[in-house]
Amino acid sequence: MSGCEKPSRGWGYCAPSPVLLLSLLTAAPLGLLGEETRQVSLKVISNWPDFSQNLLHIQAVGTNSTLHYVWSSLGPPAALLVATNTPNSTLSVNWSLLLSSDPDGGLMVLPKESIQFSSALVFTRLFEFDSTNMSDAASRPPGKSYPPYSLANFSWNNITDSLDPATLSATFRGHPGHDPTGAFANGSLTFRVQAFSTSGRPVQPPRLLHSADTCQLEVALAGVSPRGNRSLFGLEVATLGPGPGCPSMQELHSIDDEYAPAVFQLDQLLWGSLPSGFMQWRPVAFSQKQGSRESAMPCQSSPLYPNLAYLLPQSPVVRAFFKTQNNFCAFNLTFGASTGPGYWDQHYLSWSMLLGVGTPPVDALSPLILGIMAVALGAPALMLLAGGLFLLLGHKRYSEYQSIN
């Protein structure tokens with residue numbers, strides 16, 4: 001039910017059909033069709049007196065709906081997204097239950113009957129590969145694999161210290177609790193979370209178009225000593241949604257790269273229920289803080305595969321909300337290629353994504369591209385018009401001559 005043209009030489013265009021758009025409009029509750037603006041607040045919920053155990057609660061209130069984002073560093077880093085059809089829904093946290101061996105009910109969004117959609121992301125492992133002798137950038141795996149870092153064993157900062165109400169952002173900064181090689185002695189892995197009260201796009205690439213129904217995550221690895229001369233890094237992401245199956249992964253292609261030079265693709269993960277949630281990113285990472293075309297690295301994603309809960313590090317927040325539900329699916333992201341640029345340039349890597357609910361933001365064609373198309377299509381039309389006028393006037397002039405006989 002989508003209008004999709006097959007990409008030609010890496011280019012193509014994928015757009016929802018009118019039937020799909022109509023079904024989205026008729027199936028989604030009015031309050032979740034999308035809000036132009038929301039009243040956004042950030043709050044750190046701590047387990048007093050142990051302030052190292054805390055949650056970041058982002059609440060985005062619209063006219064008829066509320067979005068709750070709960071970002072957690074209890075266990076592996078995780079994000080919980082809950083959408084309700086009332087502006088009065090609230091988050092309830094019971095720390096005694098949440099930290100127990102059976103956290104069911106330790107975290108709830110009330111009233112329960114107002115919940116229209118819920119999903120979760122869990123960032124479980126940080127991979128590292130040695131790509132020294134790898135010539136094929138698309139090979140799987142992209143090099144010799146080192147033992148992965150389990151993010152469930154990381155220690156994280158007190159999120160309160162990085163809370164910035166002005167930019168609606170906060171940063172989780174972590175390093176392994178046990179680091180025998182000292183790889184993280186001068187470095188860290190960070191998860192910077194930012195919410196938005198209206199639509200727009202950041203200044204820094206890849207400049208993803210966001211709306212008030214989205215939240216952005218920037219993952220950065222900085223100052224960590226690699227275990228190889230040309231190490232590539234990757235991230236394992238597990239998902240959990242309302243349905244029994246895995247979400248679908250889509251690739252959207254465009255001819256416009258104004259906001260992300262040389263990147264003509266947009267990837268997104270869509271949960272099946274309506275109104276659906278989504279995860280969206282451009283397949284590009286950067287090896288410098290000031291992202292640019294020169295520091296752009298490819299970001300490759302693996303297909304989704306089912307994964308049983310007991311095979312993944314457990315997130316208390318996800319277990320508390322979803323209870324016995326364990327239909328996890330996972331996929332891997334790999335940043336960079338053996339040909340460079342790479343993490344080894346400046347010991348830096350960053351990648352961004354959006355998490356939201358409703359219809360994912362889609363870039364319109366930029367004024368520059370529209371201008372080029374107008375010239376490309378208008379010039380032949382003007383030439384045809386001029387040719388037609390010339391032939392018409394020439395024929396008229398010829399018809400004015402009288403025959404000699």
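The values are calculated or read from the model by the stated rules, or taken from the named source; none is laboratory data. Everything numeric here is computed off the predicted structure, so don't read it as measured data. Methodologically, a virtual Cβ is constructed for each residue, glycine included, from the backbone with ideal geometry; neighbour enumeration extends over all protein chains shown. Side chains included, ligands, DNA and RNA excluded: accessible areas come from the protein's heavy atoms. Shrake-Rupley method; radii C 1.70, N 1.55, O 1.52, S 1.80 Å.
Structure notes:
- Applying 0.36 nm per residue to the separation of residue 308 and residue 229 and subtracting their alpha-carbon distance, the gain on full extension is 25.0 nm.
- Most to least packed among 340-349, 42-51, 100-109 [average Cβ atoms within 10 Å]: 340-349, 100-109, 42-51
- In the range 181-279, the GluC sites (Glu not before Pro) that fall in loop regions by DSSP, at most 15 other Cβ within 10 Å: 258
- Positive contributions from Lys and Arg (+1) and negative ones from Asp and Glu (-1), summed over other residues with Cβ under 10 Å from the Cβ of residue 76, come out at 0.
- Label-to-label distance for residue 99 and residue 326 is 2.5 nm, based on points extended 7 Å past Cα in the beta-carbon direction.
- Maximal additional length on extending the residue 47-residue 198 stretch stands at 51.2 nm, based on 0.36 nm per residue less the C-alpha distance.
- 13 Å cut-off, amide nitrogen to a point 7 angstrom out along residue 36 Cα→Cβ, residues in the range 277-307: none
- Candidate residues 118, 41: accessible-area rank, largest first, probe 1.4 Å: 41, 118
- Residue 167 accessible area, 1.4 Å probe, all protein chains in place, Å² to nearest 10: 50
- Taking a sphere under 14 Å around the Cβ of residue 91 and counting the other residues whose Cβ falls inside, with K and R at +1 and D and E at -1, yields a net charge of +2.
- Selection from 177, 224, 341, by position along the positive dipole direction of the range 39-358 (Cβ): 177
- Summary value for the range 39-358: 19 percent relative contact order, contacts being C-alpha pairs under 8 angstrom separated by 6+ residues.
- Percentage relative contact order, the range 153-245, counting C-alpha pairs under 8 Å, at least six apart: 23
- Dipole of the range 39-358, positive direction: furthest Cα of 240, 146, 354, with charges on the beta-carbon: 146
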